[in-house]
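The structure appears below as structure tokens.
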Amino acid sequence: MNMLYRAAILPLCALALAGLPACQTMDTLSEVGAGVAVATGVATPQQGQSIKKAGSAVGKTFESITPEQEYYIGRTVGAMVLNQYKPLDNKAANNYLNVLGQTLAQFSDRPETFGGYHFLVMETEDVNAFSAPGGLIFISRGMIRCCQNEDALAAVLAHEIGHVELQHGLQAISKSRMTSALTILATESAKSFGGQELAQLTEAFEGSITDITSTMMNNGYSRGFERQADSAAVTILQRSGYDPNGLIAMLTQMKKQLKPGGHDFAKTHPSPDSRIEDIAKLVGPATPIVSPAARQARFQAAAGKI
Amino acid sequence: MLQFKHVAAALTRRMIMAAALVAAAAVVTAAAATMSVQVKDAPVRATPSFVGKVVGALAYGDQVEIQQTQGAWSKVAGAGVSGWMHTSALSSKKIVLAAGQKQANVAASGDELALAGKGFNSDVEAQFKAGHKDIDFTWINRMEKIRISAAEMQVFLQNGGVTPKEGGAK
């Protein structure tokens, strides 16, 4: 029924809108569409109301995704990452990563997400790190081996926390996908979704997951997003008391380990040199990292198991 | 009331418009004073700082009154707890855990209400799993269980000689 009247109204909307500037808001579109539909008897006044609501949702972006929905997207994105990379089944190593990572997350601009921040080591020599929406963060063994101290590892985690904080994953979802998902959400009532709506919603969900994983794992975020995540990382490191030079130290080491043309970080991130240049603008000239003995000892003990 | 008479006496179209705008602004301010917890659970602290002692926790959908704000921290009271919360845990929308039809119609406009469990939810995840039997969520569930307490974090920072800037998250 829903689909039927929506299909009937779309051509009307198109007609009514033909003379409007391209950037006319969706609110206007739905007002016009609903008005025409009601006037012509295509929709009842009540249905017209519902179309208006759907239209105002369509005008919104990834920001309309609630933290709870972001959490569910993140869980599946995380499961997709682990479908490709095996987790490292080592309690001590994963615990160390979580103590460090969850502590750092507290110093970000977004310390609270729906399900919280959680970290896991991936058992691969690839130099890689992924953050799923909502705070599930995956770091490869190869990446941890690029870190010579806790400050450098903190920098890697802080960069990934930055992607979560800034919701870069959600922004990879295509506009049309977002529109169709939000339209289903806005027109549906509180009752649990029936078969057809659930199927449509699941389709939009699957598409969203693909948009995110292909950006994150194959194409990489834009250089602008990477720069934002580096800048967020510097802020987190400075607030928490770690040396932001850790980020530069890690990138310098990574430069030596990345294989040109590799399918890991080399493919999805701007060159370490260009990132170092940008970070130096934020933290000043590089200085050597001085790690207290206790900090270095616990780092080596944990990294040794990874 | 006196003010209203005064405005009504003047009765220019312009002034009525201005009064309407003032009234609308007042409503927005009042609405902002109550917020909902938008995460599964979040700590409430004694001071507006990450290093502040945790005095309690609030859960998803709990409503709180905002008594004071300081940077990204809000002093809240609700559900028997009072103290400071980071604003990333709070939403100005009222979160309805089990909505009736009436609330659902309001929520559809998306500006005042948010319905918990609506949209991408556990049903959608279950549907996704049914279609992708090769995707394993075991480790996702396992990693979600790793939760480090505020006390453990403090010990970790101290033992490593890591000294946060006063205040923590801003």
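Quick notes on this one:
- Rolled with a 1.4 Å probe across the full set of protein chains, the surface gives residue B:62 an accessible area near 40 Å².
- Here the calculated FRET efficiency for residue A:83 and residue B:70, from their Cβ-Cβ distance with R0 = 30 Å, stands at 0.10, rounded to the nearest 0.05.
- Carbon + sulfur, % of accessible area of region A:178-293 - ligands and nucleic acids excluded, 1.4 Å: 55
- Segment residue B:165..residue B:145, full-extension length gain: 4.3 nm, with 0.36 nm per residue of separation and the alpha-carbon distance subtracted.
- Long-range HN-HN contacts of residue B:95 with modeled amide H, under 5 Å: B:114
- Carbon/sulfur fraction of accessible area - region B:33-159, other protein chains in place, 1.4 Å, %: 51
- Sequence of A:177, A:239 from largest to smallest accessible area, 1.4 Å probe: A:177, A:239
- Probe 1.4 Å - accessible area at residue A:259, Å² to nearest ten: 140
- Separation of the alpha carbons by more than 25 angstrom is noted, of A:256/B:165; A:86/A:267; B:93/B:118; A:259/B:145; A:259/B:129; A:267/B:133, for A:256/B:165; A:259/B:145; A:259/B:129; A:267/B:133.
- Annotation: amide H of residue B:34 within the under-5 Å range of B:66, sequence separation 5 or more or interchain, hydrogens built in the peptide plane.
- Cα centroid separation - region A:100-175 against region A:229-306, whole Å: 13
- In Hz, Karplus ³J(HN,Hα) per residue of region A:291-296 (6.51, -1.76, 1.60; θ = phi - 60°; x = Gly, Pro): 9, x, 4, 5, 5, 5
- In order along region A:117-125, the phi-based Karplus estimate (6.51 cos²θ - 1.76 cosθ + 1.60, θ = phi - 60°) of 3J(HN,Hα) comes to 8, 9, 10, 8, 8, 9, 8, 8, 7 Hz; Gly and Pro are listed as x.
- In this label model, residue B:97 and residue A:305 are separated by 3.7 nm, measuring between points 7 Å along each Cα→Cβ vector.
- Members of region B:151-165 that become less accessible by 40 Å² or more once partner protein chains are added (1.4 angstrom probe, chain alone as reference): B:153, B:156, B:160, B:162, B:165
- Largest to smallest accessible area among A:217, B:85 [probe 1.4 Å]: A:217, B:85
- Within region A:99-120, the residues that become at least 40 Å² less accessible when every protein chain is included than when their own chain is isolated (1.4 Å probe; DNA, RNA and ligands ignored) are A:99, A:102, A:103, A:106, A:107, A:112, A:114, A:118, A:120.
- Sequence-ordered 3J(HN,Hα) estimates for region B:157-163 from the Karplus curve with 6.51, -1.76 and 1.60 and θ = phi - 60° stand at 5, 4, 4, x, x, 9, 10 Hz, glycine and proline given as x.
- Shape category assigned to region B:115-156 from the gyration tensor of Cα positions, a/c cut at 1.5: oblate
- Note on residue A:202: accessible area is roughly 10 Å² with a 1.4 Å probe, heavy atoms of protein only.
- Amide proton proximity set for residue B:84, modelled H, under 5 Å, gap of 5+: B:45, B:46, B:47, B:76
- In nm, spacing of pseudo-spin labels at residue A:281 and residue B:77 (7 Å Cα→C-beta vector): 4.8
- Paired Rg and Dmax values of region A:150-306, which use every Cα atom, in angstrom: 20.0, 61
- Rounded, prolate or oblate (a/c below 1.5 giving rounded, otherwise prolate when a/b exceeds b/c) for region B:33-159 by Cα gyration tensor: oblate
The values are calculated or read from the model by the stated rules, or taken from the named source; none is laboratory data. Given the structure is predicted, the values throughout are model-derived calculations rather than measurements. Ideal geometry is used to build each Cβ from the backbone, glycine not excepted, and the neighbour counts take in all protein chains shown. These area figures cover heavy atoms from the full protein model, side chains too; ligands, DNA and RNA do not enter into them. Shrake-Rupley method; radii C 1.70, N 1.55, O 1.52, S 1.80 Å.
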